Amino acid sequence: MRSISFDFDSSDLEKSLKIASRQFPASAEIVLKKESRNIAKDLKGRVDSEAKGHHYAGQGATHKPLAKSFRQGKVMRSGSKVTVAVTTTAPHYHLYEEGHAMITHKSKDGTHGLRQVGEVKGKKTVAKYMSQRADHAELIGQELLQEILKEAGFDS
């Protein structure tokens, strides 16, 4: 009876895995920053098309139009978890997204002001977009793995 034997030196693999595990936080940050920039860009286009002009900051306003307010947020780390948020600088974002009461500035007789005359429904643009974007989680994971492998010297 013959047997076939082979030797396997795992030192190179172990070395590469150590490099990959040390590289993970930096690789995750690179991938998540790229993803958050893409989300901010996509939200700009969606808000532009869905708001139909109602999000414009107006003449003399001190803030930008809502569509131009989305930005990549800071990278936050908590243990092994890395998070990058997409933020908005628009103070009226919550009104657009969640809705608000419609208020008059004067009553019909001109003597009183501020009465509710209706309700403006929230557009939920960001909420709808993020629920659709959740389908991309697997692709983001694959991109992160490719980045880690590249940094560890396993790029193909």
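The values are calculated or read from the model by the stated rules, or taken from the named source; none is laboratory data. Given the structure is predicted, the values throughout are model-derived calculations rather than measurements. For neighbour counting, all protein chains shown are included, and Cβ atoms are generated from backbone atoms with ideal geometry for every residue, glycine included. Protein only, heavy atoms only, side chains kept; ligands, DNA and RNA dropped before computing areas. Shrake-Rupley method; radii C 1.70, N 1.55, O 1.52, S 1.80 Å.
Within segment 1-119, considering only strands (runs of 3 or more DSSP E) that don't extend past its boundaries, which have at least 2 residues that are touching a helix residue (DSSP H, G or I) at 6+ places or on another chain (Cβ under 6 Å), modelled with pLDDT of 80 or more and under 18 Å from Arg133 (Cα atoms)?
Passing ranges, in order: 70-78, 81-88.
Limited to segment 61-106, what total is found for residues that are of a type outside the set (Phe, Trp, Tyr) and more than 15 Å from the chain's Cα centre (by Cα)?
26
Exactly one of these conditions fails for Gln132: (1) of a type outside the set (Phe, Trp, Tyr); (2) more than 24 Å from Asn38 (Cβ to Cβ); (3) in a helix (DSSP H, G or I). Give me its number.
Status for Gln132: all satisfied but (2).
If you check Lys74 against the conditions, is it closer than 15 Å to Pro25 by Cα and open to solvent by 50 Å² or more (accessible area, probe 1.4 Å)?
The answer is yes for Lys74.
Which pairs turn up if I take residues in segment 94-114 that are closer than 21 Å to Phe70 by Cα and look for partners that are at pLDDT below 85 with beta carbon separation below 7 Å, at least 6 apart in sequence or on another chain?
Tyr96/Ala51; Tyr96/His55; Tyr96/Leu66
Within segment 127-156, work out how many residues are at positive phi and open to solvent by 70 Å² or more (accessible area, probe 1.4 Å).
Residues meeting the conditions: 0.
Note down all Cβ pairs under 8 Å where the first residue falls in segment 23-46 and is small (Gly, Ala, Ser), the second is open to solvent by 40 Å² or more (accessible area, probe 1.4 Å) and assigned to a helix (DSSP H, G or I), and they're at least six residues apart or on different chains.
Ala26/Glu151; Ser27/Glu151
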